[in-house]
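Here the structure comes first, spelled out in structure tokens, and everything after it is commentary.
The values are calculated or read from the model by the stated rules, or taken from the named source; none is laboratory data. Because the structure is predicted, anything quoted here is derived from the model rather than measured. No Cβ is skipped: glycine too gets one built from the backbone with ideal geometry, and neighbour counts run over all protein chains shown.
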Amino acid sequence: MTAKKELLKVEGLKQYFPIKGGFFGRTVNHVKAVDDISFTVYEGETVSIVGESGCGKSTTGRAILRLDEPTEGVVSFEGKDLTELSRKEMRAMRKDLQIIFQDPYASINPRQIVSAVIEEAMDIQNAVPKKDRRKRIEDLLQTVGLQKFQADRYPHEFSGGQRQRIGIARALSVDPKLIICDEAVSALDVSIQAQVLNLLEELQEEFGLTYLFISHDLGVVRHISDRIIVMYLGKIVEIGDKHSLFDNPKHPYTKALLSAIPVPDPDHKKDRITLRGDVPSPINPPEGCRFHTRCPFATDKCKTDVPELRTVDIMKDGHQAACHYIEEIESGEHKAKDYSAEAIVGKGQEV
Amino acid sequence: MNSSENILEIRELRTSFFTDEGEVKAVDGVSFELPRGKTIGIVGESGSGKSITALSILNLLAKPGEIKGGEIRFKGENILTYSEKQMREIRGNDISMIFQEPMTSLNPVYTVGQQIMESIRIHQGLNKREAKLKAIEMLKLVGIPSPEKRVDQYPFELSGGMRQRVMIAIALSCNPDMLIADEPTTALDVTIQAQILDLIRELQNKLNMSVMMITHDLGVVAETCDYVAVMYAGQVVEFSDVRTLFKNPRHPYTVGLLNSLPRHDIEQEKLKPINGTVPSPHNMPKGCRFAPRCPFATELCRESLPELVADENNNQIRCWIYSDEWDGDPEVNVHDSEERTAKG
Amino acid sequence: MTKFIIRRLLQTIPVLLGVTILVFSLMHLIPGDPAQIIAGEAAPERQVEQIRERLGLNDPLHVQYGTFLGNVVTGDLGTSVRSSRPVADEIGARFWVTVELAVYSTILSVFMGLIAGIVSAVRHYTLTDVAIMVVALFGLSMPNFWLGLMLIQWFAIGNWIPESLQPFLQMRASGWGDDWRQVILPVITLGTAGAAIIARMTRSSMLEVISQDYIRTARAKGVKERVVVYQHALKNALIPVVTVVGLEFGALLGGTVLTETIFAINGMGRLTIDAIRQRDFPVVQGTVLVISVLFVMVNLLVDISYRFLNKRIDLN
């Protein structure tokens, strides 16, 4: 990557959802879905956010687009703070920022033919003159690997993979700079998923797109990303470029996550770090390091002190992890407690 | 292999759905066997018929589904000839099943304990008190903390991982000889998936069970199975032991599947997807079902359906390339990706 | 659970207060001077003034309401203008007749509705299902006064009545009596629409539940189909049905007005109609109040039984 230009910069983003309750429906607590995260996406790269359900990855994507108004923080796109914009200005801004969802069928109106679905996006942004639209729609369909004549078909006439292509065509129709892919290939079968992943890569090359890729699938993430953000319970626990992160993970959670994924190779040596219990509730997240309740390395310090993202000598290329004991774990002076027996049978943790 | 070594043998199973648009042959001549105490993986993408095969074994098909033919031999007996009453005695007792969605697979209006006890009381004739003790014991066995408390809770009070443990407790409460697990971890996060797979494996050893693992995840197969049947469009296209399947896959579909898979453990160049999409069940190709997507397909492939043929190691393949009739390049190498076209 | 019942009881207080305000306003929403209307147009001014005095219409509005509320709480619903008897007594004499009619009709609705709905769902897309649903549609679209009249026509007036059905005939003459058979026609009249609604509701609810994963789980355990349907499925399917039953009971109370009139039953519905006709406003107020309170109470019961069926809301 030459001359890195900041495209999207997220600073101190918080997204708290109120919980109503009690006699008069007062706000009794908050779900701290995203709790103070910061990161930067540079032009032309693919940054992925990974994590398990409830980690806040999708919420982050929605907050950036202000599909839910963020509670706090700055989201700058090309230097402009999106959270400061009026609704009208934001709508105009969405021309540059598009999103593709997991379920293409749910996000496409089933009563509209494909050309109408795509035209609607262009109409809202007034991106293409009316007379040129038909041609543009046909070009787009071909770009995403569909046929011209399919413009007049209804969504139910397409398979899941094809519908995702329609979703991509719709996003592309307004010439966006950044596309947020929220679990965009998760619902697809592997053979189709591979087609769509290749398509996304080709489009990125062709149109110089930037992707913010949200996924729980680390295989997909490794394949498509330049840099990766690992989230746990609303916090970033590790961030780094693909190679450092996958080959040299530093946060115990990242290590556990990677070791938990089954490898399609029967000779693969299993060196699994089994985590105890479930992810705690984001309503009352654990004090200190949020991962300490499941971490095999946790000490008393982890229960009280919140670790900041930091880098040590052995980490390169902007690789950072939020753990108090990166060096100690690396050198082996800090040993893991073995919870594997507990995690399988016996006393897992209270949920 | 004779039947005493196999807990389950399926021969030419055919299951169809009768819809307004005509007959849909969801399972069309499926055969495989499961040696006692072993784990077989049934892999395939959506529409391959893998789940329908599993439901057919327990005859749990919902209308308009119907088993049209074939044999399902469980411990040597063809259970397709069994009456509904005989089948009920097998379900949950000799063969148990767990499902994909732990969130919806438990009845929301009954407690966890009631749901485990039901199975125990039906098949073991225990009284309420004994059944409850057994239910608590089962919860302990599947690693649920404070089982005495959990037994009286409702499913909505448990997380997805915990609910799947409860499902396993129900399934194993009557010491079944065989467990059918239909995508048991697909809806779960990976760290929880790891726990559940470990649990199934450990209990399998402890209780000496045979397991049929239905999944779309080749990683899960590699990790948990001894044998694999790859299904495509209602048929088994390849069957072999797990090592052979991953080290030397022979069917072009199996090869394509492995090449499509983005890996987290190794660096890959571009993925090599399979062209096109699964054929519509209303409009199956007349030859090999995979021919329209197969980069090696010839006239023969498009015209006639190959048989599932076993070699001396009982590795089975349904592909013309490995037959004497093959009319294409005799030197063809299914692993040679250059012959494949990249774009769908 | 106890906590929920107490909270739910407390929540009915504002509702009941609202009801009293509405009922109180009845008197004042009538265009013109209520005293004059009660007395009749030709009544002399002195008599109108007397009525005004007796009803306390000269006091400021909030004082009037205060007095009204105080009286209601102590069980004093005022005095009938026509019969000069306490309204509470007038209603008391007829209350149980209407409650009985409504309860029997509800039981009929629920019983018929559930059975028809379940059978329809279990045999969906068969001839049985279609037949039941067609009948239900008829039941739903038939106005109950018309159904009542037709039933009288067929059973009571027709000359072909067999001996055994004779008691139906007498009913018209004597009204609500001691013979249980006299209950049958009014109950059918009143309960048919509800049965049809409940049948349709049960069917769709059952169909939805039967396709759920946990039903498959139950079958996979080796549970008998009968148990699957009547325990696993029905208990879930009942949840939305219970809500409908509560609302149906309200509609039914409204329906008693016409049914009681048609069958000459001396219940609250008929009392209301007569009172309206005779401009006996204290009685109208009384009946509306009692029926409203009844409705609120039934829905309270529905909420509580709902809670029993669906443990999930317990958490909130």
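Looking only at residues that are surrounded by fewer than 18 Cβ atoms within 10 Å (Cβ to Cβ) and assigned to a loop (DSSP other than H, G, I, E, B) in segment A:129-152, which one is modelled with the highest pLDDT?
The extreme case among them is A:Q147.
Given the conditions (1) under 17 Å from the mean Cα position of the chain (by Cα); (2) farther than 16 Å from B:L34 by Cβ; (3) surrounded by fewer than 22 Cβ atoms within 10 Å (Cβ to Cβ), and given that B:E84 satisfies all but one, which numbered condition is not satisfied?
The single condition B:E84 does not satisfy is (1).
So in segment A:121-152, with the set limited to residues that are small (G, A, S) and more than 23 Å from A:A92 (Cα to Cα), which one is farthest from the chain's Cα centre (by Cα)?
A:A151
List pairs: first in segment A:178-192 and free of Cβ contacts under 8 Å to residues at least 40 places away in the same chain and facing another protein chain (nearest Cβ under 10 Å), second in a loop (DSSP other than H, G, I, E, B) and polar (S, T, N, Q), Cβ under 7 Å, 6+ apart or cross-chain?
Note: pairs meeting the criteria are A:D189/B:S46; A:I192/B:T277.
Anything in segment B:195-210 that is within 12 Å of chain A (Cβ to nearest Cβ) and of a type outside the set (D, E)? List them, or say none.
B:Q195, B:I196, B:L197, B:L199, B:I200, B:R201, B:L203, B:N205, B:K206
Looking at segment B:98-112, which of its residues are crowded, with 22+ Cβ neighbours inside 10 Å and more than 7 Å from every other protein chain (Cβ to nearest Cβ)?
B:I98, B:P102, B:V112 - these are the residues of segment B:98-112 that are crowded, with 22+ Cβ neighbours inside 10 Å and more than 7 Å from every other protein chain (Cβ to nearest Cβ).
Determine if segment A:209-221 includes at least one residue that is farther than 22 Å from B:N259 by Cβ, among the aromatic types (F, W, Y) and part of a helix (DSSP H, G or I).
No: segment A:209-221 contains no residue that is farther than 22 Å from B:N259 by Cβ, among the aromatic types (F, W, Y) and part of a helix (DSSP H, G or I).
Are any residues in segment B:121-162 of a type in the set (K, R) and within 11 Å of chain A (Cβ to nearest Cβ), and if so, which ones?
B:K140, B:K149, B:R150
What number of residues in segment B:291-320 are within 22 Å of B:D336 (Cα to Cα) and either touching a strand residue (DSSP E or B) at 6+ places or on another chain (Cβ under 8 Å) or β-branched (V, I, T) (or both)?
So the answer is 6.
Scan segment A:249-276 residue by residue and report those that are part of a loop (DSSP other than H, G, I, E, B), of a type outside the set (D, E, K, R) and at the interface with chain B (Cβ under 8 Å from one of its Cβ atoms).
Correct list: A:I261, A:P262, A:V263, A:P264, A:P266, A:H268, A:T274, A:L275.
Return the pairs, sorted by first residue and then second, in which the second residue is not in a helix (DSSP H, G or I), the first residue lies in segment A:148-163 and is over 20 Å from A:F101 (Cβ atoms), the beta carbons are less than 8 Å apart, and the residues are 6+ apart or on different chains.
Pairs that qualify, where the first residue is over 20 Å from A:F101 (Cβ atoms) and the partner is not in a helix (DSSP H, G or I), are A:Q150/A:F158; A:A151/A:I113; A:D152/A:I113; A:R153/A:I113.
For A:K80, are the conditions met, namely being under 20 Å from A:Q320 (Cβ atoms) and among the basic types (K, R)?
Against the criterion (under 20 Å from A:Q320 (Cβ atoms) and among the basic types (K, R)), A:K80 does not qualify.
Out of segment A:124-168, which residues are small (G, A, S), over 14 Å from A:Q112 (Cβ atoms) and more than 14 Å from every other protein chain (Cβ to nearest Cβ)?
Within segment A:124-168, A:A127 is the sole residue that qualifies.
Restricting to segment A:193-203, and then to whatever is without any contact (Cβ under 8 Å) to a residue 12 or more places away in the chain and within 7 Å of another protein chain (Cβ to nearest Cβ), can you tell me which residue is nearest to A:T46 (Cα to Cα)?
A:N198
Which condition breaks for B:M213 when tested against (1) touching a residue at least 60 places away in the same chain (Cβ under 8 Å); (2) away from chain A (no Cβ under 12 Å)?
(2)
Would you pick out the residues in segment C:280-303 that are modelled with pLDDT under 85 and either surrounded by fewer than 16 Cβ atoms within 10 Å (Cβ to Cβ) or assigned to a loop (DSSP other than H, G, I, E, B) (or both)?
C:D280
From the list B:K25, B:K50, B:K68, B:K75, exactly one residue is in contact (Cβ under 8 Å) with a residue 40 or more places away in the chain, within 14 Å of chain A (Cβ to nearest Cβ) and charged (D, E, K, R). Which is it?
Step by step, each of B:K25, B:K50, B:K68, B:K75 is checked, and only B:K50 is in contact (Cβ under 8 Å) with a residue 40 or more places away in the chain, within 14 Å of chain A (Cβ to nearest Cβ) and charged (D, E, K, R).
Does B:I180 count as under 22 Å from B:I90 (Cβ atoms), within 14 Å of the chain's Cα centre (by Cα) and within 9 Å of another protein chain (Cβ to nearest Cβ)?
yes
Those residues that are among the small types (G, A, S) and over 20 Å from A:K4 (Cα atoms), I need them from segment A:208-245; list them, please.
Scanning segment A:208-245 gives A:S215, A:G219, A:G234.
Restricted to segment B:228-242, and to residues that are surrounded by 23 or more Cβ atoms within 10 Å (Cβ to Cβ) and either touching a Pro at 6+ places or on another chain (Cβ under 8 Å) or of a type in the set (D, E, K, R) (or both), which residue is nearest to A:P262 (Cα to Cα)?
So the residue we want is B:E238.
For segment C:265-287, give me each residue that is over 18 Å from C:L55 (Cα atoms) and in contact (Cβ under 8 Å) with a residue 60 or more places away in the chain.
C:I265, C:N266, C:G267, C:M268, C:G269, C:R270, C:L271
In this structure, is B:I192 within 9 Å of another protein chain (Cβ to nearest Cβ) and either in contact (Cβ under 8 Å) with a residue 24 or more places away in the chain or assigned to a strand (DSSP E or B) (or both)?
Against the criterion (within 9 Å of another protein chain (Cβ to nearest Cβ) and either in contact (Cβ under 8 Å) with a residue 24 or more places away in the chain or assigned to a strand (DSSP E or B) (or both)), B:I192 qualifies.
When you check B:H264 against the structure, is it crowded, with 17+ Cβ neighbours inside 10 Å, farther than 22 Å from B:V332 by Cβ and over 20 Å from the mean Cα position of the chain (by Cα), yes or no?
In short, yes.
Taking the conditions exactly as written (away from chain A (no Cβ under 13 Å), closer than 20 Å to B:L60 by Cα and in a helix (DSSP H, G or I)), does B:M167 satisfy them or not?
yes
Does B:E118 satisfy being acidic (D, E), crowded, with 17+ Cβ neighbours inside 10 Å, facing chain C (nearest Cβ under 7 Å) and part of a helix (DSSP H, G or I)?
The answer is yes for B:E118.
Could you list all residues from segment B:259-281 that are more than 7 Å from chain A (Cβ to nearest Cβ), touching a residue at least 40 places away in the same chain (Cβ under 8 Å) and out of contact with any helix residue (DSSP H, G or I) (no Cβ under 6 Å at 6 or more places or on another chain)?
Within segment B:259-281, B:N259, B:V278, B:P279, B:P281 meet the criteria.
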